[in-house]
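Novice: Just dropping this structure here.
What follows draws every value from the coordinates through simple rules; no lab data is involved. Bear in mind the structure is a predicted one, so any value in this text is a computation, not a measurement. Ideal geometry is used to build each Cβ from the backbone, glycine not excepted, and the neighbour counts take in all protein chains shown.
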C-alpha cells in the first residue's frame with residue numbers, strides 16, 4: 001500500500017476550554033487536490049497550522065509523506081509549501097527578497113532560483129513590483145507573494161489557506177491552472193476556501209468541517225454522478241437560513 005501524502009490521526013486542538021479541532025482523522029493520497037470546507041470558525045485554519053507545524057496539537061498527530069510533523073519537523077517543512085491565513089510576510093522585505101529567503105532556506109542553486117522566480121513573478125503579475133516592500137503592497141499582491149514563496153521550491157505537498165482570496169478573476173483562473181498542472185505531476189494540494197462555485201474542475205476530494213468535526217467527506221466524481229456540485233454538497237450540511245425579508249432595503 002502506498003503511503004498517503006497526508007494522514008491526520010485524531011488531531012485535536014483546544015483554546016481556553018473550547019475545542020477548535022475535535023479528533024480530526026483524514027487520509028489523502030498523493031496527487032489529490034483536497035478541498036477543506038466549512039464556515040468561519042469551523043477550525044480550518046487551525047488544522048492548516050497544525051499540518052504545517054506552526055501550532056502543536058493537544059493530542060493526535062499529523063503525518064506528511066509518512067513523517068510526523070511533530071517528530072520530523074525539519075524534514076517535513078522541507079517537503080511542503082504553505083500559504084497560512086496571515087501570509088507570514090515581513091513588511092520591510094521586498095517581494096523579491098521574500099523569494100530569495102526561500103532560496104536560502106531550501107538551498108536552491110542560483111540558476112534554478114532565477115529561472116523559477118522569474119517565471120513565478122511573471123505568472124502572478126508581480127514582475128513590475130518585485131522590488132517593492134511588502135509594507136506598500138496591496139492585499140492581493142501580498143497573497144501572490146505568499147503563493148510564489150510556496151510554489152518556488154516545487155514541494156511535494158502544498159497547504160494553502162484561502163489561496164484565491166484577494167485575487168481578481170483572471171488571477172484566480174491562472175492560479176487554478178497552475179495548481180491543476182502541479183497535481184497532474186504528483187503534487188498533493190490541501191486547500192481551504194469559501195469560494196466553491198468554481199472549484200469543481202480542480203478539487204477531486206473534499207471534506208466539510210463543522211465546529212471542529214468532520215461531518216462529510218468524499219470525492220468529486222461521486223458528487224458528479226449524483227448531479228451535485230461542491231457548493232451543493234456544502235449546502236447539504238449548511239442550508240441557507242430562512243430570514244425575514246428586508247422590506248426597507250432598496
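Novice: Would you mind putting 187-198, 5-16, 225-236 in packing order, based on average other-beta-carbon counts within 10 Å, highest first?
Specialist: Answer by packing, highest mean first, reads 187-198, 5-16, 225-236.
Novice: Under a crude label model (7 Å from the Cα following the beta-carbon direction), how far is residue 244 from residue 68 in nanometres?
Specialist: Roughly 5.5 nm, to one decimal.
Novice: Next up: If you take every DSSP beta bridge fully contained in the chain, what fraction is antiparallel? Give it as a percent rounded to 5.
Specialist: Beta bridges within the chain, antiparallel portion: roughly 55 percent.
Novice: In nm, to one decimal, how far is the residue 54 label point from the residue 40 one, both placed 7 Å along Cα→Cβ?
Specialist: So the label points at residue 54 and residue 40 sit 1.8 nm apart.
Novice: Please give the length that would be gained between residue 110 and residue 213 if that part of the chain were fully extended, namely 0.36 nm times their separation in residues minus their C-alpha to C-alpha distance (nm, one decimal).
Specialist: Taking 0.36 nm per residue and subtracting the Cα distance, the gain is 32.6 nm.
Novice: Grab the Cα-Cα distance for residue 232 and residue 185, subtract it from 0.36 nm times how many residues apart they are, and report the gain in nm with one decimal.
Specialist: So the chain would gain 14.0 nm between residue 232 and residue 185.
Novice: Show that you can apply the helix-only estimate: for the chain, add -39,500 (n - 2.57) for every DSSP H stretch of four or more residues, divide by all residues, and state [θ] at 222 nm to the nearest 500.
Specialist: -9500 deg cm²/dmol
Novice: Any idea what the relative contact order of the chain is, in percent, if you count C-alpha pairs under 8 Å spaced at least 6 apart?
Specialist: The value is 25 percent.
Novice: Oh, and also: With an 8 Å Cα cut-off and a minimum separation of 6 or more residues, compute the relative contact order for the range 36-115 in percent.
Specialist: Relative contact order here is 18 percent.
Novice: How many angstrom lie between the C-alpha centres of the range 1-77 and the range 213-231?
Specialist: Using only Cα atoms to place each centre, the spacing works out to 21 Å.
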